[in-house]
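Just so you know, all these numbers are worked out from the coordinates, no wet-lab data involved. For clarity, every value in this text was computed on a predicted model and none was experimentally measured. When we count neighbours, we look across all protein chains shown, and the Cβ atoms used for this are built from the backbone with ideal geometry, even at glycine.
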Amino acid sequence: MMLLLLAGTAEARTISQSLADENIPAIASLAGATRDPARLPIPTRLGGFGGGPAFETYLKDNKITAIVDATHPFADQISARTAMLAAKHGLPYLQVMRPPWKAQPGDRWTSVEREEDAARLIPTGATVFLATGRKNLARFENLTGRRLICRRIDPPDNPFPFRGGQYHLGKPPFSVPDEVALFSRLGVEWLVVKNAGGTVSATKLIAARQLSMPVVMVERPAPAHENLAHTPDQAMEWVRALT
């Protein structure tokens, strides 16, 4: 057996540690979204595969026999491609999808399907904190007339891609008091978040609740496959059944 773990989440880190502890042959893959990712306890490759044919070659050359996809819930293109290739080559495939966040008493959430939909909710002149990452930043270009703040981990190589925006550097984890202080200092009036789920990054939502701040919640895409695990423990049960 040789397992390919598509990593990049806290769940993937936990799974990788279990794989190492149980001496299950595995390779982790990180897309390279950050410049200096934390090391994993199993052999790890960095960077994309270079498209579907190159990914197929990698699977064959490395004698991959099963895939655990523990990428970000919004990495839908990667997951869809992986699920398709796994089916094509008869490889067992599991997608690890943490439960989404649910609104709590005091939350002021409005759900949208696409980032572009935020423009119909947020008034002109508002200061908006985009806690959605930089990858799809261009989808907020229609938020003209608002002050936009996008948090990112690494210093940018290029200026903000359109007028009215700025980057704010910060490396997680962030505590609730940290987020409250940051939003207050920057004068943030609206928060835009992708519904990634998880506990570590939920602090911004708790901070918004404490500040009675409206939140635009971009709902996640549908899973790539019906074979799902919601926790690292469930994923490891699936892996052990293959060995």
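Please report, in debye to the nearest 20, how large the charge dipole of the range 126-191 is about its Cα centre when each Lys and Arg carries +1 at its beta carbon and each Asp and Glu carries -1 there.
Computed charge dipole of the range 126-191: roughly 140 debye.
How much of the pair distance distribution for the range 178-231 lies past 14 Å, counting alpha-carbon pairs only, in percent?
The answer is 59 percent, as a whole percent.
Listing F183, F140, F160 from the residue with the fewest other Cβ atoms within 10 Å to the one with the most, what is the order?
F160, F183, F140
Measure nothing fancy, just the Cα-based angle from helix 52-61's long axis to the longest principal axis of the chain, in degrees from 0 to 90, nearest 10.
40 degrees
In deg cm²/dmol and to the nearest 500, what is the mean residue ellipticity at 222 nm of the chain if only DSSP H runs of at least 4 residues count, each as -39500 (n - 2.57), divided by the residue total?
-8000 deg cm²/dmol
Which value, in Å³ per residue, describes the convex hull spanned by the Cα atoms of the range 132-192?
90 Å³
State, to one decimal in nm, how far the label point of Q104 lies from the label point of A181, with both points 7 Å from Cα in the Cβ direction.
The answer from the label model is 2.1 nm.
Can you list which of the GluC sites (Glu not before Pro) found in the range 105-171 are DSSP loop residues with at most 14 other C-beta atoms within 10 Å?
Filter output for the range 105-171: E113.
Which values, in whole Å and largest first, are the semi-axes of the equivalent ellipsoid of the range 108-218 obtained as the square root of 5 times each eigenvalue of the Cα gyration tensor?
Ellipsoid half-lengths, sorted descending, are 19, 17, 14 Å.
Would you work out which of L91, A119, N195 lies farthest towards the positive end of the dipole of the range 57-199, given +1 charges on the beta-carbon of Lys and Arg and -1 on that of Asp and Glu, about the Cα centre?
L91
Place a +1 charge on the Cβ of each Lys and Arg in the chain and a -1 charge on the Cβ of each Asp and Glu, then give the dipole magnitude about the Cα centre in debye, rounded to the nearest 20.
Magnitude of the dipole: close to 540 debye.
Going by C-beta contacts inside 10 Å, put V68, V112 in order with the fewest on the left.
Fewest-to-most ranking of V68, V112: V112, V68.
Looking only at trypsin sites (Lys or Arg not before Pro) in DSSP loops with at most 15 other Cβ atoms within 10 Å, what is the longest site-free stretch of the chain?
Answer from the scan: 164-243.
Over what distance in Å are the Cα centres of the range 1-26 and the range 77-96 separated?
Their Cα centres are 17 Å away from one another.
How many nm separate the modelled label positions at K60 and D233, each set 7 Å beyond the Cα in the direction of the Cβ?
It works out to 4.1 nm between the two label points.
From the mean inverse distance of alpha carbon pairs (Kirkwood) and the Cα radius of gyration, derive Rg over Rh for the chain.
Checking Rg against Rh, the ratio lands at 1.00.
May I ask you to work out the translational diffusion coefficient for the range 28-136 at 37 °C, viscosity 0.692 mPa s, via Stokes-Einstein with Rh from the Kirkwood sum over Cα pairs, reported in whole µm²/s?
191 µm²/s
Within 11 Å, Cβ to Cβ, of P161, how many net charges do the neighbouring residues add up to if Lys/Arg are +1 and Asp/Glu are -1?
Here the count lands on +2.
For S18, S111, S212, what ranking results if the residue with the fewest other Cβ atoms within 10 Å of its Cβ goes first?
S212, S111, S18
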